[in-house]
Each structure stands twice: as C-alpha cells, then as structure tokens.
Amino acid sequence: MDFKQIEAFVNVVRYKSFSKAADATFFTQPTISTHIRNLEKELGVKLLDRKSRTVEMTPQGNQFYKYAVEMINARSLAIDAINAGVENLSGILEIQASSIPGVTFLPGLLAGFRNEHDGVQYYVSVSDTQTVVDNISERIGEIGFVGEDVSSSAIECVKVASDRSVLISPLSSGIGAEVSLSEVAQHPFIWRETGSATRKSFEKAALEAGFEKDAFEVAALVDDMDAIVRSVEAGLGVAIISEQIASALGGRVNVSEIKDFNEARSFFMIRLKNMSLSPAAEAFSEYVKSTMAK
C-alpha cells in the first residue's frame, strides 16, 4: 500500500471529485485515478462509488477513510521527528477560510510562513463561515479561519484578529461618511450568502434596532467579494464589508460608518480537536498564534 494512493483516496473523498482532488494535490487527474484503482485492487474492495454526479464512499470506503487520514498524519509526524522538527517542513497545507480572513490577514500570514518554510505549498479555499466550519468538521482542510466564535465540543477555536464592518456605496449615491440604519434601509442591498458571518451580525444588529429582514430591499445575492465590490461600483446597490477591505479600494466607492452597527468583529482560527495535524499545519497554527498576538 503506497502513501500516494492513500493521499489520493483521502483527497477524492474530501472534494467529492477526481478533478478537484488533482488540483488540490498538484497531480493530474489520470494520476489520481490510477492511484485509486491500484489501492482498490490491493485491498480487494471498491472504496468509491463513481456512478453519481459527485464521488461518494462505499461502506468499505467509509470504514477505511478515518484510518487513511490517521496514517497520512502519522507518517508526516514520523518524518518530522526524524528530520528534527520544523526545519525541513514540506508538503501541502490545506486551509479553509471565510471571505474576510481570506482576503485580509491570511495572505500575509501565508507569505510570512513560507519565507521561513519554502517547502510548504498551500491549497486555500475561500467560502463563507458556515461552509468553512462544515468542511473542517468533515476533515476537508486542517485549519480554518472564520468570522464568528464556533460553539462546538469537537472544534478548537482561537481568536486571532478583529475588524469592523462598514457600508460601501456607489460614488453617485450621495451617502456621507456616517449613516444610520434608517438611511441604509433606503438603498437596495447587495447581500452576502446565508452562511456569511458578516450578514448574520448585521441582521442581528438590525433586528435589535427594530428592523425586520424585509425592511432591506435586496438587489442581488453575491458570494464573491470582488463581485460585490464591482457591483457596488457599478451602481447596483450598497453592501456591508470589512473595513480593512474597504480601506484598500482606493476611492472606487463611498465608505461609511454605520452609527447603529460599529462594534469590532472578531476572527478565529479553527481545527478539529480529535484530529492530529500534519507537521506543516501544526507549525502554521503556532506561527499564526505568535504572529497575530504581536
């Protein structure tokens, strides 16, 4: 049994796709398929059901998956111990991030860590907070970054950053540097996806101020940050985004503080408590804690 075969199986399960697994591991799809076929031949069972639109595990594959993940991490830890710790770190570090961490502080952390460990490659998936939590829970990625505290006995959650939310609007909107929720409600919204922590916190503040969800006209539901900014810039509506992101837009849109919604938001690094991290993931976790604490 070859570790490349096991890694191929684990990644196909994580992404439910041979092509996505190939992208995540920097292999070709035919290579991934060959590894899976050889593994199944050696074990004498089918591990994956390829008949559906997304690849799913067979009952035998489901039994094997947990052991496969542990074997991969145990191998990495053994190699790390033999090589005397983190000096020779290498491998692919898979990270899940919600949109704000993914475009604000995470890129700098990745660059700083790779300056110290250039043998580490990254596979980063940016989505919304709920998707990140779900993926980490399903072992899709070792480390995640989210925009809300995760209350779960299975997940370790560490605060690593904070930021505020602001309103961005078209330059032609005439909205000033400070705006109330009543004024905001007069403009069409470009809304974030349902799992967005930014959207949840804004809805909570609006409800506490006496506004119902239907008080805000929705012009569009957009799950990509760049598309949100471009839509506001084009005049489609207004949006709530990170102050850090807004400060980097260089005058493309109006940026306004919201009087009734100005508390700082916290961002967290998450991981599964019962899952051994690879040496690269463990070292990166410690690097984030030490860097963001400064």
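The values are calculated or read from the model by the stated rules, or taken from the named source; none is laboratory data. Since we're looking at a predicted model, the values are computed, not measured. Glycine gets a Cβ as well: all are built from the backbone with ideal geometry, and neighbour counts include every protein chain shown.
Worth pointing out:
- Looking across the range 204-218, not a single residue is touching a residue at least 40 places away in the same chain (Cβ under 8 Å) and either farther than 30 Å from residue 133 by Cβ or acidic (Asp, Glu) (or both).
- Out of 100, 95, 6, one residue alone is touching a residue at least 24 places away in the same chain (Cβ under 8 Å), of a type in the set (Val, Ile, Thr) and over 30 Å from residue 265 (Cβ atoms). It is 6.
Conditions tested, residue by residue: (1) in contact with an Asp or Glu (Cβ under 6 Å, 6 or more places away or on another chain); (2) over 15 Å from residue 92 (Cβ atoms); (3) aliphatic (A, V, I, L, M).
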| site | (1), (2), (3) |
| --- | --- |
| 5 | no, yes, no |
| 11 | no, no, no |
| 17 | no, yes, no |
| 23 | no, no, no |
| 42 | no, yes, no |
| 50 | no, yes, no |
| 57 | no, yes, yes |
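- Just one of the listed residues (286, 243, 233) is of a type in the set (Asp, Glu), over 17 Å from the mean Cα position of the chain (by Cα) and in the same structural domain as residue 134 (by TED's automatic domain parsing), and it is 286.
- Scanning the range 223-254 for residues that are of a type outside the set (Val, Ile, Thr) and in a loop (DSSP other than H, G, I, E, B) yields a total of 10.
- Options 180, 165, 201; residue that is closer than 25 Å to residue 270 by Cβ, hydroxyl-bearing (Ser, Thr, Tyr), surrounded by fewer than 19 Cβ atoms within 10 Å (Cβ to Cβ) and touching a residue at least 24 places away in the same chain (Cβ under 8 Å): 201
- Out of 18, 105, one residue alone is of a type in the set (Phe, Trp, Tyr), over 18 Å from residue 141 (Cα atoms) and either crowded, with 18+ Cβ neighbours inside 10 Å or touching a residue at least 60 places away in the same chain (Cβ under 8 Å) (or both). It is 105.
- Qualifying position, being over 27 Å from residue 145 (Cβ atoms) and either out of contact with any His (no Cβ under 9 Å at 6 or more places or on another chain) or part of a helix (DSSP H, G or I) (or both), among 183, 257: 183
- Contact map, the range 274-294: residues that are surrounded by fewer than 18 Cβ atoms within 10 Å (Cβ to Cβ) paired with residues that are of a type outside the set (Gly, Ala, Ser) and assigned to a helix (DSSP H, G or I), Cβ distance under 6 Å, separation 6+ or inter-chain. Pairs shown: 276/73; 287/113.
- Just one of the listed residues (128, 163, 134, 149) is among the charged types (D, E, K, R) and closer than 18 Å to residue 224 by Cα, and it is 128.
- Among the residues of the range 111-123, the ones that are aliphatic (A, V, I, L, M) and either surrounded by fewer than 16 Cβ atoms within 10 Å (Cβ to Cβ) or on the phi > 0 side of the Ramachandran plot (or both) come to 1 in all.
- Scanning the range 8-51 for residues that are in a helix (DSSP H, G or I), under 20 Å from the mean Cα position of the chain (by Cα), closer than 15 Å to residue 65 by Cβ and of a type outside the set (A, V, I, L, M) yields 11, 14, 15.
- Single condition residue 149 does not satisfy, out of (1) surrounded by 15 or more Cβ atoms within 10 Å (Cβ to Cβ); (2) in a loop (DSSP other than H, G, I, E, B): (1)
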